[in-house]
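The values are calculated or read from the model by the stated rules, or taken from the named source; none is laboratory data. What you see is a predicted model; the values in this text were computed from it and never measured. Don't worry about glycine lacking a Cβ; one is built from the backbone with ideal geometry, like all the others, and counts go over all protein chains shown.
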Amino acid sequence: MKRLIIYLIILVAAVWLGLKIAEDPGYALFAYQRWTVEMPLWLAALGIIFAMLLVYGLIALVVGTTNIAKRVGHWQSKRKVRHAHRMTSRGLLELAEGKWGSAEKCLLRAADESSAPLINYLAAARAAQEQGAYDRRDDYLRMAHECTPGAEIAVGLTQAQLQLSHQQLEHSLATLRHLQNIVPHHAFVLKLLKNLYVELNDWESIIELLPELRKRKVVNAEELFELDKRANLALLNQAIKSNDYVVINNIWQNIPRQLRQEKTLAMPYIKALQDHGHGEAAESLLRDLLKHNWDSELVALYGDIQGKDSAKQLATAEAWLRNHGNSPAILLTLGQLCIRNQLWGKGKEYLESSLDLEPDAKAFAALGKLYEHLGESDNALKHYRDGLVTVTG
């Protein structure tokens, strides 16, 4: 309806304009140097309008042609991006399927037109490594770093993982320490460092790293405790092998108090104290440990410790017998302590009772030694032999 009204208005205006022109057509005069042109005014106006429409049409044609070229270029660009996306997807799929060679080719072909070339180069680096092409791997990692500003952490982490999986441990360590300098609290960097230090048996570095692992919750509490225990045990064993008591004692003093209650750590230290002539300290530590951590293996160790007062040690072990009842470990320890206190008959009873409960090479050896001291060579030899059978099966 609106369109009809507009058409009617235009029609009325045209009729009115036509009547006016017929009534007084007027004229237009154009002069240039010696040339003059005279024509009706309406014709001149019509010519001007026609010229304006012609210029507008030419401009529209030029603009349209330019737009067509841009559209064609944009279409070609989108086509390349779609192709790169398909090639990247195909490359990643073949990488997951273990088709290293074809994966590498697809990923590289798509890299230049990919919207995320970093992914292409990092994945291509892994494909190259799986083929043993380590130079190409390093080239792709360098290209990944160059193509994406700010991707140093992503590239470095990939590089470190690839180096670690290829057992390039020193190279991986250098990469991870560089990353740690940039992002000292990055959880994954810390986790990779932890794995690498374990691989390198670098237990001192593990202990230095533990507070940050705990603070950043890189591993759970149970794993952290086991790692702490493992690292300290390794350092303690290294110190014991050095046969330097000062070093051994310094390592023990640096072990967290909670870990000193662990049998796996306490036993080697107690034995080291005994071996270095500190039996009194060993006895005291072991007795205190058994108050909080009753264990048959620790009880059996108590019989090997030569404290300052063997009679007092025997009284301690007899109290254990009353409180904890008969057990092979307590009876063995009592037998050893009786021998040390020259209570031969009592020691023999304890050792035989221990063997009745559980055949044990250590008890056989102690009883054989007792018989040897009593001059009963045949019995001594028999128990030594029985102990050997127990060990060898």
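The table that follows gives values for the structure above.
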| quantity | calculated |
| --- | --- |
| Listing of helices (runs of 4 or more DSSP H) fully contained in the range 280-393 that carry 3 or more residues being closer than 20 Å to MET267 by Cβ | 296-302, 310-324, 328-340, 361-373 |
| Check on ALA154, part of a helix (DSSP H, G or I), among the aliphatic types (A, V, I, L, M), in contact with a helix residue (DSSP H, G or I) (Cβ under 8 Å, 6 or more places away or on another chain) and buried (at least 20 other Cβ atoms within 10 Å of the Cβ) | no |
| Cβ-Cβ under 7 Å pairs, at least 6 apart or on other chains, the range 276-289 side of a type in the set (D, E, K, R), far side crowded, with 16+ Cβ neighbours inside 10 Å and at pLDDT below 95 | GLU280/GLY307; GLU283/GLY307 |
| ALA272 in contact (Cβ under 8 Å) with a residue 40 or more places away in the chain and buried (at least 17 other Cβ atoms within 10 Å of the Cβ) | no |
| Residues located in the range 107-151, provided they are aromatic (Phe, Trp, Tyr) and surrounded by 24 or more Cβ atoms within 10 Å (Cβ to Cβ) | TYR121, TYR140 |
| Test for GLY325: is it within 20 Å of ARG287 (Cβ to Cβ) and modelled with pLDDT under 95 | yes |
| Hits in the range 172-205 - residues which are assigned to a helix (DSSP H, G or I) and of a type in the set (Val, Ile, Thr) | THR175, ILE182, VAL189, VAL198 |
| Residue that is surrounded by the fewest Cβ atoms within 10 Å (Cβ to Cβ), among those in the range 307-327 that are touching a Gly at 6+ places or on another chain (Cβ under 8 Å) and under 14 Å from CYS338 (Cβ atoms) | ALA317 |
| Qualifying positions in the range 208-234 - of a type in the set (A, V, I, L, M) and farther than 24 Å from GLN167 by Cβ | LEU210, ALA221, LEU224, LEU233 |
